[in-house]
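This report concerns only the one structure given below.
The values are calculated or read from the model by the stated rules, or taken from the named source; none is laboratory data. Remember, predicted model here, so these are calculated numbers, not experimental data. Cβ atoms come from the backbone with ideal geometry, glycine included; neighbour counts cover every protein chain shown. Accessible surface is based on the protein model in full, side chains and every heavy atom, while ligands, DNA and RNA are left aside. Shrake-Rupley method; radii C 1.70, N 1.55, O 1.52, S 1.80 Å.
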Amino acid sequence: MRRLNQFETLVIHEFEEDKFHLPAHTHTYYELIYIVSGYGIHELNDNMIPYKAGDLFALAPEDRHYFDIKSRTRFVYIKFTDSYFSSKKNLVTDDLVLNTPQSIMREKMLKETLLKLDEPCATILKNTVNNITAYNCRKDVSTSPIVFYQILSIFGLIRETVKGMELPIRGCTFNDNQVLSYIHENIYSPKSIQSKAIAQHFNIAQTYFSAYFKRNFGITYRDYINNLKVQLIEKRIAGKNMPIKQIAYEFGFTDESHLTNYFKKHKKMKPSEYVKNQ
């Protein structure tokens, strides 16, 4: 899967084409994508969303997408990194400190539902995008308060539209400690610690969660879970107070042999051999 990088804090990109120039891909930055003209299908994560002129999409890092263009389409991409908003906290209202544009763009609901902008929101959005592209000729576009507030107004339109659709933004604010606490509390429930389940719990896309975990903890989510399980199983075995069958049941394994194979895969020895080495 191709992954695109961007080092500038803000890039405005307007282009038109008959066939989308990229394969399905992810990126390291955020994208607001406005459809100026044309129609087709937006393949976003595992969803096929029809698009037309006037539609708006909000993509976070790790969202996987591709445009299947049916009619020549003109796009406006507003691409920014985390630092674009974090460096302008003095310009942000208290409400946006708590519900940041980044958290809004990670909303799982925005990857599954097409925003239905009514009037005057649709016209305001169109005019706002035109204002941003008109200012793009300036060298200071990434530091311009004018452009910054124009982009903020788009998030205001998103929130108002979502509210009108009766799909309230839940928010997905969380920190590393909350994630680790959830994992440790649910380590004995295999279904609860599946990446799909934990992503739903924190209201983020599954693809984003996996990348977030690797970036913040320096280890893949799967490896962390396996290491934690093995450490806990080691303690149970070393304590010699619980038979292997009971330990297998506690950690959600189907039977004793399932646990034995799992332990051998990660420790290169059977539980019985581990006991002898203690």
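Under 7 Å between Cβ atoms, which residue pairs at least 6 apart in sequence (or on different chains) link something in region 27-48 that is acidic (Asp, Glu) with a partner that is in a loop (DSSP other than H, G, I, E, B)?
If the second residue must be in a loop (DSSP other than H, G, I, E, B), the pairs left are Glu43/Ala24.
Please go through region 13-26 and give me each residue that is open to solvent by 20 Å² or more (accessible area, probe 1.4 Å) and either touching a residue at least 24 places away in the same chain (Cβ under 8 Å) or over 19 Å from Lys70 (Cα atoms) (or both), ordered by number.
Once the filter is applied, which keeps residues that are open to solvent by 20 Å² or more (accessible area, probe 1.4 Å) and either touching a residue at least 24 places away in the same chain (Cβ under 8 Å) or over 19 Å from Lys70 (Cα atoms) (or both), region 13-26 yields His13, Glu14, Phe15, Glu16, Glu17, Asp18, Lys19, Leu22, Pro23, Ala24.
Can you tell me which residues in region 227-236 are touching a helix residue (DSSP H, G or I) at 6+ places or on another chain (Cβ under 9 Å) and free of Cβ contacts under 8 Å to residues at least 40 places away in the same chain?
Asn227, Val230, Ile233, Arg236
How many residues are loosely packed, with under 12 Cβ neighbours inside 10 Å, at pLDDT below 85 and under 33 Å from the mean Cα position of the chain (by Cα) if we restrict to region 255-278?
Of the residues in region 255-278, 0 are loosely packed, with under 12 Cβ neighbours inside 10 Å, at pLDDT below 85 and under 33 Å from the mean Cα position of the chain (by Cα).
With the condition being open to solvent by 50 Å² or more (accessible area, probe 1.4 Å), I'd like the strands (runs of 3 or more DSSP E) fully within region 27-74 carrying at least 1 qualifying residues.
30-44, 47-51
Residues checked against (1) open to solvent by less than 30 Å² (accessible area, probe 1.4 Å); (2) modelled with pLDDT of 90 or more:
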site	(1), (2)
Asn177	no, no
Ile183	yes, yes
Ile198	yes, no
Asn203	yes, no
Tyr212	yes, no
Ala248	yes, no
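Return the residues of region 188-236 that are small (Gly, Ala, Ser) and touching a strand residue (DSSP E or B) at 6+ places or on another chain (Cβ under 9 Å); say none if nothing qualifies.
The one that is small (Gly, Ala, Ser) and touching a strand residue (DSSP E or B) at 6+ places or on another chain (Cβ under 9 Å): Ala211.
When the residues of region 113-122 are narrowed to those that are open to solvent by 60 Å² or more (accessible area, probe 1.4 Å) and not acidic (Asp, Glu), which ends up nearest to Met48 (Cα to Cα)?
Per the stated criteria, the residue is Lys116.
Where in region 186-278 are there helices (runs of 4 or more DSSP H), lying wholly inside it, with at least 3 residues that are closer than 30 Å to Arg64 by Cα?
Qualifying helices (runs of 4 or more DSSP H): 195-201, 206-217, 221-239.
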